[in-house]
1. Order these peptides, 663-669, 86-92, by their mean beta-carbon neighbour count within 10 angstrom, highest first.
2. Once the convex hull of the alpha carbons of the chain is built, what does its volume come to per residue, in cubic angstrom?
3. Quick check: residue separation of Thr667 and Ile234 times 0.36 nm, minus the Cα distance between them. What number comes out in nm?
4. Which order do peptides 201-210, 486-495 fall in by mean Cβ count within 10 Å, highest first?
5. What helices in the chain pass both tests, a Cα length along the helix axis of 18 Å or more and a mean Kyte hydropathy of -1.0 or higher, using whole DSSP H runs?
6. Please compute, over every Cα-Cα pair in segment 88-225, the percentage with a separation greater than 23 angstrom.
7. On a C-alpha basis, how far is the centre of segment 43-73 from the centre of segment 177-201 in Å? Whole number, if you could?
8. Highest mean first, what order results for 55-64, 474-483, 148-157 on Cβ atoms within 10 Å?
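The values are calculated or read from the model by the stated rules, or taken from the named source; none is laboratory data. This one's a predicted model, so the numbers in the text were calculated from it and none came from an experiment. Glycine also receives a Cβ, built like all others from the backbone with ideal geometry; neighbour counts cover every protein chain displayed. With ligands, DNA and RNA removed, areas are computed over all heavy atoms of the protein, side chains included. Shrake-Rupley method; radii C 1.70, N 1.55, O 1.52, S 1.80 Å.
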Amino acid sequence: ARPDITLRVATDPTATAGAAIAGKSGGDDVPDHMPDLEDIAPLYDAKSENTALKRYKSDYVFSLSKNKQYWNKRATDLITWDNYPFDESSCDGIMTGGFEYGDVAWFPGAKLNVCSNAIDRHVQNGKANDIAMIWEGDEPDQVLKFTYADMLRKVSEIANALKSQGVRKGDVVTIYMPMIPQLPMTMLACMRLGAVHSVVFAGFSSEALSSRIAASKSSVVVTADVGMRGGKTIPLKKIVDDAIGKHACKDIVKKVLVYERERSIVPDGNIATDGNAKCSGNTPQINWFPDRDVNMNDILPKQRPYCPPESMDAEDASFILYTSGSTGQPKGLVHTTGGYALYAAHTIQTTFDLQPNDIFACVADCGWITGHTYVVYGPLLSGGTTVIFESTPMYPDAGRYWDMVQRHKITLFYTAPTAVRSLIRFGDDIPKKYDLSSLRILGSVGEPINPAAWSWYYHAVGEGKCTIVDTYWQTETGGHIITNIPGVTPMKPGSCTLPLYGIDCIVLDPMTGKIIEGNDVEGVLAIRRPWPGMARTCLDDHERYLATYFRPYKGYYFTGDAVRRDKDGYYFITGRVDDVLNVSGHRIGTAEVESALVKHPSVAQAAVVGRPHVIKGEAIVAFATLTESNTEEDDELVKELRTLVRGEIGPFAAPDIICITPLLPMTRSGKIMRRVLRKISAGEADQLGDVSTLADPSVVDTLIALVGRYD
Ligand code: PRX
């Protein structure tokens with residue numbers, strides 16, 4: 001069934017003039033990659049049909065018309081395969097299956113290990129002493145630097161420790177950890193063994209963690225005693241204990257492997273440190289269940305510091321990542337080893353032009369797809385230096401990002417528009433205090449970047465010299481799918497610009513499902529052919545995978561986003577068309593919040609919508625009717641409901657506004673008209689459209705009055 005779609009109005013880009021750039025001339029070879037970046041960051045103008053853009057266009061056409069040849073070239077350039085059984089002239093068998101049954105396979109039968117691609121081959125290729133990872137702890141003077149040789153030892157030790165606890169190829173390992181170096185290392189250790197990691201963002205509640213552990217039947221959970229963020233301590237081990245104690249997890253978890261944060265961040269003699277990584281020695285008290293819990297810091301020194309990597313099929317599962325959909329149940333998307341690794345390396349090198357001397361800082365948490373692809377896999381598969389950031393943009397003050405850029409001479413910086421917007425209000429003087437001259441590319445991800453935030457990022461942070469790459473993608477896509485390419489695609493503030501090579505983007509009429517050709521059009525965004533980085537299934541629910549992505553529009557992958565393609569062919573994402581909210585770049589299903597709310601004994605029915613929010617992009621507005629006739633505004637109840645959502649999902653999903661209402665806008669057939677709630681919440685009650693199917697039209701005035709209290 002297609003979603004009930006109301007297309008939203010696109011933000012209008014700020015039209016700005018810019019210079020045309022020079023690039024290499026096009027040819028019909030497989031695109032070999034990056035043009036010169038001498039002329040960086042042009043803005044789109046009438047003269048923008050320049051050489052570089054022309055070359056992009058011919059390369060793009062090539063990447064689709066000779067799709068297998070294109071991916072074969074990228075696969076052999078970027079990945080070291082243990083076995084690559086394809087005839088490179090015909091490229092037969094490189095991709096099989098399709099969207100109809102969702103049986104897509106890339107490079108089936110080829111073998112590789114993602115961890116050894118991310119670490120060992122760089123050690124073998126003369127990069128042993130290059131810095132692979134810079135860890136920036138919660139306190140700015142907590143810095144550790146790991147070379148590729150250090151990574152090989154540390155990741156091997158962890159892999160052997162996991163093995164000693166029974167982890168084997170194909171097992172699912174849940175990781176619920178703070179952003180300490182051992183988080184990416186544990187992910188890599190799983191990859192080394194062929195175990196499937198399922199990282200759960202450490203901001204999720206015990207309830208959410210428990211349902212994810214149960215859904216993946218993960219018998220091993222890796223955690224830390226505590227996490228630190230912005231000076232606050234988060235009791236992770238306690239949350240894990242609570243999660244495992246819940247009914248859903250009964251008899252599932254056999255081992256909990258626990259890192260002590262303080263012991264884990266002490267430089268151990270080999271590891272370089274810039275600051276003086278503090279270790280108070282005061283490890284917090286945690287409960288210990290001797291039959292189940294294992295102290296990683298005790299068993300690691302006993303491990304052999306080399307672990308042979310498991311050779312995996314390109315189509316073996318590499319990780320699961322849960323994301324919100326339009327039902328209350330989060331979906332466990334399953335990614336592969338070969339296609340995913342190729343796509344991570346390919347996109348980071350295309351979009352960020354990652355070079356060996358770059359310092360790449362993606363400040364996302366490893367618990368989200370951005371952290372998977374652009375903190376861990378993309379940079380390391382490319383032999384780059386990646387920054388792991390444990391803190392927040394506000395700690396100890398609003399200059400934290402820029403202080404970090406200055407200290408580590410970061411060249412490529414990647415964050416979300418919500419973070420940019422939260423910093424703008426502290427003014428231009430803050431970034432001005434720091435030497436930001438090392439920066440060359442600034443990335444944006446997670447939601448459309450509004451022109452005001454774009455402009456601040458470009459001028460105040462990038463000093464007008466950096467390209468801003470507006471990268472559009474999803475947990476499902478594995479990596480960027482629409483984004484500008486530095487030195488190639490002229491920028492337009494607010495637009496993610498043009499599709500990456502090999503990505504066959506189309507705009508569909510939401511009602512008929514027909515392709516809308518030409519420019520200056522609006523519709524829903526879909527993709528017409530498979531690409532290597534796409535998720536292959538929903539864990540244990542292939543039917544849901546088909547129903548969500550491939551059935552709404554037969555023959556196409558449906559993104560769930562609405563889009564406008566402007567007169568120059570540039571894409572502007574205008575928001576989700578399903579019941580998924582985007583709050584501070586986090587995807588939250590309205591149904592998940594609703595099912596949390598109705599767990600309260602006083603709540604009869606709940607409906608959740610988003611409304612525009614100046615920093616978060618979208619704020620959560622919840623409406624609830626009560627079981628008893630008491631509909632008086634009740635602060636205590638509202639507080640309880642907020643606490644309930646925090647407990648069921650996590651603090652980031654707590655509604656901004658909770659309206660207790662005598663009734664909801666129901667159609668005569670008993671469906672909630674969310675469109676009405678959305679419009680009223682956004683202060684657009686004058687644009688309600690047709691409300692003739694409402695069972696009780698008087699509800700509109702009641703709701704307007706209720707929401708009005710919060711404006
Ligand atoms: O609505 C789009 C929005 O974020 C959704 C994907 O969310 P998630 O799977 O959590 O991944 C976030 C990080 C990739 C998309 O369906 N989105 C992501 N990037 C952009 C965006 N919307 C507009 N512009 C972007 N650059």
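1. 663-669, 86-92
2. Values: hull volume 110.4 nm³, N = 711.
So the per-residue Cα hull volume is 155 Å³.
3. On the way: separation 433, 0.36 × 433 = 155.88 nm, distance 4.43 nm.
Result for the pair: 151.5 nm of gain on full extension.
4. Values: 201-210: 22.3, 486-495: 24.1.
In decreasing order of mean packing, 201-210, 486-495 become 486-495, 201-210.
5. 51-65, 148-164, 338-351, 635-648
6. Counting pairs separated by more than 23 Å, the tail of P(r) holds 49 percent.
7. First find each Cα centre; the distance between them is then 36 Å.
8. Final packing ranking: 474-483, 148-157, 55-64.
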